[in-house]
Every structure is written in structure tokens, then in C-alpha cells.
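The values are calculated or read from the model by the stated rules, or taken from the named source; none is laboratory data. Just so it is clear, the model here is predicted, and its values are computed rather than measured. So basically every Cβ, Gly included, is an ideal-geometry build from the backbone, and we count neighbours across all protein chains shown.
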Amino acid sequence: MKTCATCGQNIDDNDRFCPHCNSPQPMGGGYPPIAPQGVSTGGWFLRELLLLIPVVNIIMLIVWMLDTTKDQTSRNWAKARLIWLIIGVAFSIILIIIAAAITGGIMYYGVTTIPTT
């Protein structure tokens, strides 16, 4: 026999609802759910080390982002890092185009000097 979680009356062990107050009862017999483990310091160190390798970093960020066995924090971290990586690459490409345009203009027109009298 167990007691109702709401009204405190004695109820049968297999009752899913209390016969007195009709409230649902927690079902026992199983192990409590295991809380997801966070990433250890060594795990974060390894992740940061892998992000230093070109091309591997993009592949690993996509894998971590799509891995449903990881906790939501790790997946969100991978998404954010991938977004920042894309922003950084786009910004670098824009700066290279601007630098090439300035350098091309200088090479084509030359450096103008102020004439001295």
C-alpha cells in the first residue's frame, strides 16, 4: 500500500489515480532519469584544439550542432561558433576585396604627388 500524493489516503500500489480524490499518481518501479552530463574541462580543451585546425573545425561544428545525443547547451554553443565563423569569413572576404580595389587603384593610377614650386 502507498499513500496518495495529494490527499494522503491509502491506495493500492498499482493505482494510477487516487480512488478518493482522482488525482494522478506517480508510477514507480523504474530508475530515476539521469541528468545529462556537462562537458568536462578536458572535453572543452579538446573542442577548442580541434577548432584550430582549418576545415576540420567546420566539419566538427556541424557534427556537434546536429548531434542529438549531446545536451542542448553544447549544440547551441556549436551553432553560435559556426555563425561567428561564417561572419568572420564574410568580413575577411569583404576586407580583402576592399584592399584589392585600393591596391589596384594605386597600381593603375600611381601615387600622385603634390608638385613643388
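Please state which of the following conditions residue 34 fails to meet, knowing it meets all the rest: (1) of a type outside the set (Ser, Thr, Tyr); (2) modelled with pLDDT under 85; (3) more than 30 Å from residue 8 (Cα to Cα); (4) surrounded by fewer than 12 Cβ atoms within 10 Å (Cβ to Cβ).
Unmet for residue 34, out of (1) of a type outside the set (Ser, Thr, Tyr); (2) modelled with pLDDT under 85; (3) more than 30 Å from residue 8 (Cα to Cα); (4) surrounded by fewer than 12 Cβ atoms within 10 Å (Cβ to Cβ): (3).
Looking at segment 46-69, I want the residues that are outside any helix (DSSP H, G or I) and have a partner that is not basic (Lys, Arg) with Cβ atoms under 6 Å, at least 6 apart or on another chain. Which pairs are those?
That search, which allows pairs on different chains as well, returns 51/57.
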